[in-house]
Amino acid sequence: MILSKTPIGYVLIVCIVLLSVIACTEKGPPEISIKWPQMLVEGDSGAAFMVIFNKGKGSDTLKGCTVKEYTQLTCELHDIVKGRMQLVRDFEVPAGETLELKPGGRHLMLFGLPENLQGEITIVLHFEKTGDVPVKTGVVR
Ligand SMILES: [Cu+2]
């Protein structure tokens, strides 16, 4: 092939290959599932942990959370950076990967919990592509 023997032709072929690799990384919808949710409560705030699986072929992004039973509650996405807790805008969940929300790392933070909260609450995760995913969470004091 004459095209591959010229420098421009070579660059073109490299570009076409790179573009198809990029296009192939998003070749389907995400498939989100949640396991082992748990919430530790202290006073009126709680930290929620769980494992988020994405078995799909597309990535997704967790944009926020709310609580079904207590709509006035604040639910935030937090990360621990250099030993300090920080509010973050979103959590990426790449295709085929797992996002662990665990103590000492990324977690959900709830503020304004009722004093006598016991049993279970439903945290609703808001994903960019998947939409709302409700997660029933046990409460540990
Ligand atoms: Cu936090």
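The values are calculated or read from the model by the stated rules, or taken from the named source; none is laboratory data. Source: prediction; values computed, not measured. Neighbour counts run over all protein chains shown; Cβ positions are idealised from the backbone, glycine included.
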remark   = Exactly one of Lys57, Lys63, Lys35 is basic (Lys, Arg), modelled with pLDDT of 90 or more and over 16 Å from Leu125 (Cα atoms), and that one is Lys57
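Do the conditions hold for Gly119, that is, is it small (Gly, Ala, Ser) and either in contact with a Gly (Cβ under 7 Å, 6 or more places away or on another chain) or within 16 Å of the ligand (Cβ to nearest atom) (or both)?
Numbers: small (Gly, Ala, Ser): yes; either in contact with a Gly (Cβ under 7 Å, 6 or more places away or on another chain) or within 16 Å of the ligand (Cβ to nearest atom) (or both): no.
Taking the combined requirement at face value, the residue does not satisfy it.
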inquiry  = Filter the range 43-62 down to the residues that are in contact with a Lys or Arg (Cβ under 6 Å, 6 or more places away or on another chain), away from the ligand (no atom under 16 Å from the Cβ) and not in a loop (DSSP other than H, G, I, E, B) and list them by number.
reply    = Val51, Asp60
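Tell me the residue from Pro103, Pro94 that is of a type outside the set (A, V, I, L, M) and either under 13 Å from Phe49 (Cβ atoms) or at pLDDT below 95 (or both), please.
Values: Pro94 fails: either under 13 Å from Phe49 (Cβ atoms) or at pLDDT below 95 (or both).
Within the list Pro103, Pro94, the selection yields Pro103.
Which of the residues spanning the range 68-99 are closer than 22 Å to Lys136 by Cβ and more than 15 Å from the ligand (Cβ to nearest atom)?
Taking the range 68-99 as the starting set, the residues that turn out to be closer than 22 Å to Lys136 by Cβ are 68-78, 91, 93, 98-99.
Matches in the range 68-99: Lys68, Glu69, Tyr70, Thr71, Gln72, Val93, Thr98, Leu99.
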note = Log entry, pairs with first residue in the range 66-81 being without any contact (Cβ under 8 Å) to a residue 40 or more places away in the chain and β-branched (Val, Ile, Thr), second being within 16 Å of the ligand (Cβ to nearest atom) and part of a loop (DSSP other than H, G, I, E, B), beta carbons closer than 7 Å, six or more apart or on different chains, reads Thr74/Gly112; Ile80/Gly104; Ile80/Gly105
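So, in the range 66-83, how many residues would count as being charged (D, E, K, R) and at pLDDT 95 or above? Full working, then the answer.
Filtering the range 66-83 for residues charged (D, E, K, R) gives 68-69, 76, 79, 82.
The next check asks that each one be at pLDDT 95 or above; those that pass are 68, 76, 79.
Number satisfying all stated conditions: 3.
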